[in-house]
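Step one of this worksheet: look at the structure below.
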Amino acid sequence: MVYLKRTAGIAVLLAAALGITGCGDTMLEVPEWLCELAGISSSQETNENTAPTGGVETADMYAEAGMLQSAAHVQESVQTQTEHQPVTEGKLELPASAQLDIPEVFQMPELPTGCESVALTMALMYEGFELDKTTIADDYLVYSEDGDFSGGYVGDPKSAEGAGCFPPTIVETANAYLKEQNSTKTAVDVSGQSMETLFQYVAANRPVLVWTTMYMLDPEYTDEYFEIQGKQYFWYGLEHCVVISGYDIENGTVTVNDPLEGIVERYMDDFERLYNDTGKYAVVLM
């Protein structure tokens, strides 16, 4: 296991050389299903949270770079995503730590830009499904036919020139697989949720796919975005997808199954910052 990786000069040089672009207890508000799982009643409170901080920070970065149009897009995206988030109800105590035994699967060499499908594969394996590393990419992954990210994965995950995809594509892909397996489980887009809420899913034995960056490098923002059902998704260079498999509040760490690096621990603050800055994109299997 590799521990507590921060941005390292060797990783920066490697990414540049390869031209890689993609691939204590706390009280908080949580979804109703978690309250039911814990056997407690809901307080029926309305979520008064404002727009996700990460999206606003991203907009500020755009503005500082002089990309005023992009900043406006991100602000609008944050507001739209907030409006469409499921209302969280009730309060549940977050365990100080949790760890899921999720199988370790590496995307290389078969899927150099297939982090999303490999992350989904690991989550499905944890749920007890038997499948090969390339099964999702070969048979279930939804592909874009015209380069529009709203239509699916752009490019070829088996090529170093592939790009990637976002939660809507992975949700559709996962649910197609689950339906064929006659499973009662479902994939849900929970983008916009706080990191603490994602930890609640993990504590309830639910694997969570999260979008971040390769090797924890700073994202390379672009103007390119698409919209699905009122939500806007912005493309960024070094896009990457991992599975949260554990966390430890006291130690300030998050354990992730990274398709590139294996099972690693990240500093919680660094991981949360990247999650916020890249749009708070996440999918959970329930």
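Numbers at a glance
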{"item": "Criterion violated by residue 222 - all others in (1) outside any helix (DSSP H, G or I); (2) crowded, with 19+ Cβ neighbours inside 10 Å satisfied", "result": "(2)"}
{"item": "Residues that are within 15 Å of the chain's Cα centre (by Cα), within 20 Å of residue 164 (Cα to Cα) and not in a strand (DSSP E or B), drawn from the range 190-219", "result": "190, 191, 192, 214, 215, 216, 219"}
{"item": "Residue 187 among the aliphatic types (A, V, I, L, M), surrounded by fewer than 23 Cβ atoms within 10 Å (Cβ to Cβ) and over 12 Å from the mean Cα position of the chain (by Cα)", "result": "no"}
{"item": "Leading residue by the ranking (farthest from residue 213 (Cα to Cα)) among those in the range 159-173 that are among the polar types (S, T, N, Q) and crowded, with 24+ Cβ neighbours inside 10 Å", "result": "173"}
{"item": "Of all residues making up the range 227-244, the number that are part of a loop (DSSP other than H, G, I, E, B) and at pLDDT below 95", "result": "2"}
{"item": "Residue in the range 116-123 that is closer than 19 Å to residue 228 by Cβ, modelled with pLDDT of 95 or more and among the charged types (D, E, K, R) present", "result": "yes"}
{"item": "Matching residues in the range 174-184 - criterion: being surrounded by fewer than 20 Cβ atoms within 10 Å (Cβ to Cβ) and of a type outside the set (Asp, Glu)", "result": "175, 176, 178, 179, 181, 182, 183, 184"}
{"item": "Counted residues, the range 107-136 - those being part of a helix (DSSP H, G or I) and among the polar types (S, T, N, Q)", "result": "3"}
{"item": "Any hit, the range 227-237, residues being buried (at least 24 other Cβ atoms within 10 Å of the Cβ), touching a Phe, Trp or Tyr at 6+ places or on another chain (Cβ under 9 Å), among the β-branched types (Val, Ile, Thr) and closer than 25 Å to residue 137 by Cβ", "result": "no"}
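Residue by residue, here is whether (1) of a type in the set (A, V, I, L, M, F, W, C); (2) within 21 Å of residue 227 (Cβ to Cβ) holds:
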residue	(1), (2)
104	no, no
107	no, no
110	no, no
128	no, no
133	no, no
151	no, yes
170	yes, yes
186	no, no
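Per-residue answers, yes or no, for (1) crowded, with 23+ Cβ neighbours inside 10 Å; (2) out of contact with any Lys or Arg (no Cβ under 8 Å at 6 or more places or on another chain); (3) not in a strand (DSSP E or B):
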{"site": "246", "(1), (2), (3)": "no, yes, no"}
{"site": "257", "(1), (2), (3)": "yes, yes, no"}
{"site": "264", "(1), (2), (3)": "no, no, no"}
{"site": "270", "(1), (2), (3)": "no, no, yes"}
{"site": "274", "(1), (2), (3)": "no, yes, yes"}
{"site": "280", "(1), (2), (3)": "yes, yes, yes"}
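The values are calculated or read from the model by the stated rules, or taken from the named source; none is laboratory data. Computed from a predicted model, the values in this text were never measured in an experiment. Glycine also receives a Cβ, built like all others from the backbone with ideal geometry; neighbour counts cover every protein chain displayed.
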